[in-house]
Amino acid sequence: MKLRKPDGPAPHVKALDAFTTDFGVELITPLYGGGVKAGEPDNGMPIRASGIRGQLRFWWRLLHRNSYPAPCDLFDAETAVFGGFSHEGLPVASRVRVRVSKVSAFHDAPCATYKEQADGSFKTTPDFPHGPGYAQWPGQGKAHRINGITDPPKRIGLPGLRFTLTISVLPGGSVAPKTLWESDVLPALRWWASFGGIGARTRRGMGAVRIDSVQPVSAREATGLGCRLAQMPHSNTNAKEMWEKAIEKLRSFRQGVDMGRNPGSGKDPRRPPGRSRWPEPDTIREITGCHLVHPGPPLPPKNHAPGHPSRQSFPRAVFGLPIVFHFKDGPQEYHDAAQRKKMDPADATLYPLVDQKKPVVDPKKCERMASPLILKPMWTGHNFVPIALLLPRGHVGTMGVHLESRDANSQEQPNDFPAGHWWPDAHRKTMVDGVTPNPLKNKTGDVLSDFMKFFEG
């Protein structure tokens, strides 16, 4: 078959080029996880483009959550930008391509250390040389006073790592690449650089980044999206110091002496703190029927009978779940039932329950509810400042909670608390108007809002 010869040259068609830009990125707080194995960095590939792309997608969703009339419309718009599968199950190509290059040398270290003392024994309380322990506790491992380290601490990527981030917006669809970059991708990048990070535990400031060429998000912008941005009156070129200040505020509010806990008894400044001023420990004591009773000599008498006026509530669930409640005077495996009754409860864990908007027969227990609170050092263009960002949190009010106690002697009381029952108004009012000191006294009783005000003080 003879091919036809064209009458003339093909008309010139100008290709719609991709829009591409590069950014220099620096890791300013330790990297937790981010590798193939949970909680561990990948020494060969510490920075994954797919992880950053997922973060951009999250922040895009937050930025556009009120821009579409229905969740399905938001899903379609997100898929059109970042790819995925349509409602019909058809693959949709992503218009956003993320590439990581020029990664500097990666250095890692244990997040915690256990000091061996002069007599050969080990301290069982770890030190955290690279940042606040309250943000890194899941990786701290364990040590036995005689046997040494029994569970090695997780390794973390040390700050100072630098890399080049290349983002391309590809042609396709009705919106030109540069227009899509300016309207959708750049705003998501700004929010990620300001409040996100790399790896795990980014909501507690780990894996935070600095990008000098990206303008940080302002408090006014945050308010416009239903968020609240609080800033402490400190600034410094040292990111670690500002991170420690932010996390210390949370630790103090939840567990600090004279705020979240009573002072310890006695005059020794090294004495351990007293009982919690929050109701959860006494709630668990009451549910399990176990509390410490120590009659006296040779040790001082103790009685941890549940007496918190707001017990049968879990206000700290708003900070994120699960929560593991550990009682230092709890039982060991060798204690029998009679002994356990006179000790504080075994460890208990509080999980989220979903599908509580309507009455359900079998609400689903989930493993995790991400905290709506982000704490980190944020780069302002000149210094780092300790910030707290409170994300939209409507889902917290519709969530139930499920308590799992490991004590075989638990009383037969329901361990599921539906929405509205795990932090009821009456218990809230009791703490706000209470006579005894507690973190919510003379405040609003909205735990997260009260924390944000405390953070700014």
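Only the coordinates and a few stated rules stand behind these numbers; no lab work does. Because the structure is a prediction, the values reported are computed rather than measured. Virtual Cβ from ideal backbone geometry, glycine too; neighbours counted across all protein chains shown.
Figures for the structure shown
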| quantity | calculated |
| --- | --- |
| Relative exposure of 232, 343, judged by other C-beta atoms within 10 Å (fewest first) | 232, 343 |
| Potential extension, residue 97-residue 265 segment - 0.36 nm per residue separation minus Cα distance | 54.6 nm |
| Quotient of Cα Rg and 2.2 N^0.38 Å for the stretch 149-280, N being how many residues it contains | 1.49 |
| Difference of contour (0.36 nm per residue) and Cα-Cα distance, residue 275 to residue 328 | 18.0 nm |
| Given charges at beta-carbon only (K, R positive; D, E negative), |dipole| of the chain in Debye | 580 |
| Rough spin-label spacing in nm, given labels placed 7 Å along Cα→Cβ, for residue 347 and residue 123 | 2.2 |
| Alpha carbon centroid spacing (whole Å) that separates the stretch 189-247 from the stretch 46-69 | 16 |
| Cα Rg, Dmax (largest Cα-Cα span) when computed across the stretch 190-264, Å | 14.7, 49 |
| Per-q log10 I(q)/I(0), the chain, q = 0.10, 0.12 Å⁻¹ (Debye; single scatterer per alpha-carbon; no solvent) | -0.86, -1.19 |
| FRET efficiency for residue 404 and residue 294, using Cβ-Cβ distance with R0 set to 35 Å, rounded to 0.05 | 0.85 |
| Cβ-derived FRET efficiency at R0 22 Å, residue 162 paired with residue 382, nearest 0.05 | 0.70 |
| Viscosity 1.567 mPa s, temperature 4 °C, Stokes-Einstein D of the stretch 164-221 from Kirkwood C-alpha radius, µm²/s | 100 |
| Per residue, the convex hull volume that the Cα atoms of the stretch 413-457 enclose (Å³) | 96 |
| Rg ratio (alpha-carbon, reference 2.2 N^0.38 Å) - the stretch 305-353 | 1.35 |
| MRE, 222 nm, helices only [DSSP H, n ≥ 4, -39500 (n - 2.57), over the chain, to nearest 500] | -6500 deg cm²/dmol |
| Geometric extent, Cα atoms of the stretch 112-153 - Rg, Dmax (angstrom) | 10.2, 31 |
| Per-residue Cβ neighbour rank within 10 angstrom, fewest leading, 396, 103 | 103, 396 |
| Gain on full stretching of the segment that runs from residue 115 to residue 43 - 0.36 nm per residue minus C-alpha separation | 23.3 nm |
| Reduced Cα scattering model of the stretch 82-187, Debye log10 I(q)/I(0), q = 0.17, 0.18 Å⁻¹ | -0.86, -0.90 |
| Nitroxide proxy distance, nm - points 7 Å out along Cα→Cβ at residue 248 and residue 183 | 4.7 |
| Inter-label distance for residue 241 and residue 68, nm, one decimal - labels placed 7 Å from Cα along Cα-to-Cβ | 4.5 |
